[in-house]
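**Student:** Supplied in structure tokens, the structure appears directly below.
The values are calculated or read from the model by the stated rules, or taken from the named source; none is laboratory data. Please read these numbers as outputs of a predicted model, since none were measured by experiment. So basically every Cβ, Gly included, is an ideal-geometry build from the backbone, and we count neighbours across all protein chains shown.
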Amino acid sequence: MKLKLLFLPLFLMILSSPTFAKDCKQDIDGNDKMQFNLKEIKVPKGCTTMKLNLEHSGKMAKKTMGHNWILAKTKDIAAIVKSGLSAGLAGGYIKKGDSRILAHTILLGGGEKTSISIDLTKIKKGGDYSFFCAFPGHYILMRGKFKY
Ligand code: ZN
């Protein structure tokens with residue numbers, strides 16, 4: 001009995017230690033004003049994957065105010081957007097097989113949401129990464145730094 005009581009605090013300590021209490025997820029919201037609610041995403045220490053939940057909290061249709069979330073090196077953004085144009089609305093403005101894209105969601109219209117799991121082993125610690133929306137013209141406003 002005494003032994004059990006000794007182990008309980010130890011067990012609780014392990015559960016609450018940083019290794020076990022990782023909150024490797026991030027919510028982000030896009031709206032009808034062509035904006036994300038975040039200018040920066042910082043990955044919590046110790047995460048090797050991160051769940052990203054994207055919500056379009058607006059009301060406008062996908063074809064006029066579509067939003068997706070793309071992760072790439074900051075220097076690649078303009079080129080990714082340019083090559084994504086040919087994919088069009090149906091392709092979510094993402095060129096199939098674009099290796100510069102490190103993670104991406106589908107394109108959403110108002111009231112929709114989606115989730116992805118990001119493999120952080122592809123991301124260099126301290127590198128210059130950004131997230132953005134690939135809908136034509138949106139990346140100018142809809143972007144932010146992704147820090148790992
Ligand atoms: Zn957008």
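**Student:** Looking at this structure, is residue 8 modelled with pLDDT of 95 or more and not small (Gly, Ala, Ser)?
**Tutor:** no
**Student:** Looking only at the stretch 85-109, which residues are more than 13 Å from residue 69 (Cα to Cα) and either in contact with a Leu (Cβ under 7 Å, 6 or more places away or on another chain) or surrounded by 12 or more Cβ atoms within 10 Å (Cβ to Cβ) (or both)?
**Tutor:** 85, 87, 89, 91, 95, 98, 100
**Student:** Kindly indicate which of 121, 48, 64, 74 is among the polar types (S, T, N, Q) and surrounded by 14 or more Cβ atoms within 10 Å (Cβ to Cβ).
**Tutor:** Every option except 74 fails the conditions.
**Student:** Can you tell which of 96, 59, 75, 125 is under 20 Å from residue 28 (Cβ atoms) and of a type in the set (Lys, Arg)?
**Tutor:** Within the list 96, 59, 75, 125, the selection yields 59.
**Student:** Right, something else. What are the residues in the stretch 131-141 that are within 15 Å of residue 74 (Cβ to Cβ) and either in contact with a Cys (Cβ under 9 Å, 6 or more places away or on another chain) or surrounded by fewer than 20 Cβ atoms within 10 Å (Cβ to Cβ) (or both), if any? It would help to see each step written out before you state the result.
**Tutor:** As a first pass, look at the stretch 131-141 and keep what is within 15 Å of residue 74 (Cβ to Cβ): 131-134, 139-140.
Once the filter is applied, which keeps residues that are within 15 Å of residue 74 (Cβ to Cβ) and either in contact with a Cys (Cβ under 9 Å, 6 or more places away or on another chain) or surrounded by fewer than 20 Cβ atoms within 10 Å (Cβ to Cβ) (or both), the stretch 131-141 yields 139, 140.
**Student:** Looking only at residues that are assigned to a loop (DSSP other than H, G, I, E, B) and hydrophobic (A, V, I, L, M, F, W, C) in the stretch 41-56, which one is nearest to residue 104 (Cα to Cα)?
**Tutor:** Ranking the candidates gives 43 first.
**Student:** A further question on this structure: Please name all residue pairs, on different chains or six or more residues apart, with Cβ atoms under 8 Å, provided the first residue is in the stretch 58-73 and is within 15 Å of residue 36 (Cα to Cα) and the second residue is of a type in the set (Lys, Arg) and more than 10 Å from the ligand (Cβ to nearest atom).
**Tutor:** 58/33
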